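Peer 1: I have a structure I would like to understand better, so I am pasting it below and will then ask my questions one at a time.
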Amino acid sequence: MTNQRPTVRVIGTGGSIAGVGPNRLDFILYPEIGDHITIQQSLDRVPEIRDIAEVRSEDLVSVGSTAIGAAEWLGLTRRINEIFREEADVAGVVVTHGTATLEETSYFLHLTVKSSKPVVITGAMRPPTALSTDADLNLLDAVRTAACPDAAGLGVLTVLNNEIQSGRDVIKASTFRVETFRPNELGFLGYSDSDGKVVFYRAPIRRHTVDTPFLVDDVTSLPRVDIVYAYAGADGLLVDAVRNNGSDGLVLAGFGGGTFPPTVIDAAVKLVDDGVPVVLSTRSTAGRVVMTPKKEQQGFLVSDNLPPQKARILLMLGLTVTKDRQELQQLFYDY
Ligand code: ASP
């Protein structure tokens, strides 16, 4: 019986799922205190996980996810690819992560992990020290999903609040609710449910993991891409700052279908004329930004339905393989 349990690797990075608050009613102070339990301590809280999988764990970093960026993304991809390359018995990998930037790390890994085996990211909205914490069940659900053969080939998944979502589509939609992770208009993929079953109803169509050209195992830094947010009455100040900084790319978060104050566009056109790719996305929480003859003529790219923070990741990775405008645009239609 014991030998038949699948092996799951669990990588800890910190976040609320490992947070330590001063008392059971603390839901907000613990990130500022900054203490974290280890991933082994998180696993020890849930002995039932041992019935589901043989788990090997490690802490990669131990930080709030506000401190996670390109260096940690590259470290995670490298480590996950190494595990799948060197440990043939591993059925899947779980990453525990803060919820603040979980949607960004999950999309980065979705585009860069080179295996079809399940990679599942989880976190918690309430630390393990708080009443009604979701840390323990989310961790168990994530291990259960990573151990499930049906989860293979779907790209990187997130599992919180019993809901399995695509790392491409998921966003954090609410500040404190346990049901904060939502896939915009697209629907989530399945459940790690109350009867102990992992069930799927849909699969992502956009290409991911083994079907992307992004090989970052030997990459030590990524191109710098900034985001500028549009608001009524905005001028070109922030876009000019990006231009003066010599950044490698810019994502603009516009109104609705991808429109901007005229002075913002004038400043952005100068950036494009310098040869810097500028992607138009939207501050609206759902829907596509589509190409128009004028945007094409001005040399802009459009984000399709990626929100600004995910469009930024695709542009950062895209710039590692091409500088060609049409090829960069095609990435936004393919991934
Ligand atoms: N501060 C936390 C973080 O690491 C928030 C969380 O995990 O919910 O992102």
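Peer 1: Scan the range 293-307 for residues that are touching a strand residue (DSSP E or B) at 6+ places or on another chain (Cβ under 7 Å), part of a loop (DSSP other than H, G, I, E, B) and open to solvent by 10 Å² or more (accessible area, probe 1.4 Å) and jot them down.
Peer 2: Within the range 293-307, just 307 meets the criteria.
Peer 1: A further question on this structure: Among the residues of the range 53-60, is there at least one that is open to solvent by 20 Å² or more (accessible area, probe 1.4 Å) and in contact with an Asp or Glu (Cβ under 6 Å, 6 or more places away or on another chain)?
Peer 2: No, every residue in the range 53-60 fails to be open to solvent by 20 Å² or more (accessible area, probe 1.4 Å) and in contact with an Asp or Glu (Cβ under 6 Å, 6 or more places away or on another chain).
Peer 1: Moving to a separate point now. Please specify each residue of the range 37-50 satisfying the condition of being within 14 Å of residue 142 (Cα to Cα) and either without any contact (Cβ under 8 Å) to a residue 24 or more places away in the chain or more than 16 Å from the ligand (Cβ to nearest atom) (or both).
Peer 2: Listed by number, the residues that qualify are 43, 46, 48, 49, 50.
Peer 1: Considering only the range 1-36, state which residues are more than 13 Å from the ligand (Cβ to nearest atom) and not polar (S, T, N, Q).
Peer 2: Scanning the range 1-36 gives 1, 5, 6, 8, 9, 10, 11, 22, 24, 25.
Peer 1: I need the full set of residues from the range 37-47 which are in a loop (DSSP other than H, G, I, E, B), over 19 Å from residue 63 (Cβ atoms) and open to solvent by 40 Å² or more (accessible area, probe 1.4 Å), in order please.
Peer 2: 45, 47
Peer 1: Are there any pairs with C-beta distances below 6 angstrom linking a residue in the range 99-111 that is under 16 Å from residue 14 (Cβ atoms) to a residue that is within 11 Å of the ligand (Cβ to nearest atom) and open to solvent by 10 Å² or more (accessible area, probe 1.4 Å), with the two at least 6 apart or on different chains, and if so which?
Peer 2: 99/172; 100/66; 101/68
Peer 1: Being of a type outside the set (A, V, I, L, M), open to solvent by less than 10 Å² (accessible area, probe 1.4 Å) and in contact (Cβ under 8 Å) with a residue 12 or more places away in the chain narrows it down to one residue among 176, 214; which is it?
Peer 2: Exactly one residue qualifies, and that residue is 214.
Peer 1: I've got another one for you. Quick one: what pairs do we get from the range 244-261, first residue under 14 Å from residue 305 (Cα atoms) and open to solvent by 10 Å² or more (accessible area, probe 1.4 Å), second at pLDDT 95 or above and of a type in the set (Gly, Ala, Ser), C-beta under 7 Å, 6+ apart or different chains?
Peer 2: 255/230; 256/284
Peer 1: Also, quick follow-up: Within the range 180-211, track down each residue that is free of Cβ contacts under 8 Å to residues at least 60 places away in the same chain and buried (at least 18 other Cβ atoms within 10 Å of the Cβ).
Peer 2: 182, 183, 188, 189, 190, 191, 192, 198, 204
Peer 1: Looking at this structure, is residue 236 surrounded by fewer than 16 Cβ atoms within 10 Å (Cβ to Cβ) and either in contact with a strand residue (DSSP E or B) (Cβ under 9 Å, 6 or more places away or on another chain) or of a type in the set (Gly, Ala, Ser) (or both)?
Peer 2: So residue 236 does not fit the description; no.
Residue-by-condition table, conditions (1) under 15 Å from the mean Cα position of the chain (by Cα); (2) more than 16 Å from the ligand (Cβ to nearest atom):
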| residue | (1), (2) |
| --- | --- |
| 63 | no, no |
| 68 | yes, no |
| 75 | yes, yes |
| 99 | yes, no |
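Peer 1: Something else about it: Can you name the residue in the range 274-290 that is polar (S, T, N, Q) and farther than 20 Å from residue 249 by Cβ and is also most open to solvent (accessible area, probe 1.4 Å) among such residues?
Peer 2: Only one residue fits best here, namely 285.
Peer 1: So which of 77, 66, 129 ends up being touching a residue at least 12 places away in the same chain (Cβ under 8 Å) and part of a loop (DSSP other than H, G, I, E, B)?
Peer 2: 129 is the lone residue from the list that is touching a residue at least 12 places away in the same chain (Cβ under 8 Å) and part of a loop (DSSP other than H, G, I, E, B).
Peer 1: Here are 83, 121: which of them is within 16 Å of the ligand (Cβ to nearest atom), within 22 Å of residue 211 (Cα to Cα) and not hydroxyl-bearing (Ser, Thr, Tyr)?
Peer 2: Testing whether each residue is within 16 Å of the ligand (Cβ to nearest atom), within 22 Å of residue 211 (Cα to Cα) and not hydroxyl-bearing (Ser, Thr, Tyr) leaves just 121.
Peer 1: Scan the range 153-166 and tell me whether some residue there is more than 22 Å from residue 104 (Cα to Cα) and touching a residue at least 24 places away in the same chain (Cβ under 8 Å).
Peer 2: Within the range 153-166, none of the residues are more than 22 Å from residue 104 (Cα to Cα) and touching a residue at least 24 places away in the same chain (Cβ under 8 Å).
Peer 1: Scan the range 22-36 for residues that are part of a helix (DSSP H, G or I) and either touching a residue at least 24 places away in the same chain (Cβ under 8 Å) or open to solvent by less than 40 Å² (accessible area, probe 1.4 Å) (or both) and jot them down.
Peer 2: 30, 31, listed by residue number.
Peer 1: Take residue 222 and decide whether it is farther than 30 Å from residue 133 by Cβ, open to solvent by less than 90 Å² (accessible area, probe 1.4 Å) and at pLDDT 95 or above.
Peer 2: Taking the combined requirement at face value, the residue satisfies it.
The values are calculated or read from the model by the stated rules, or taken from the named source; none is laboratory data. Small disclaimer: the values here were computed from a predicted structure and weren't measured. Heads up, the Cβs are rebuilt from the backbone with ideal geometry, glycines too, and the neighbour counts pull from every protein chain shown. Surface areas here come from the heavy atoms of the whole protein model, side chains and all, with no ligands, DNA or RNA. Shrake-Rupley method; radii C 1.70, N 1.55, O 1.52, S 1.80 Å.
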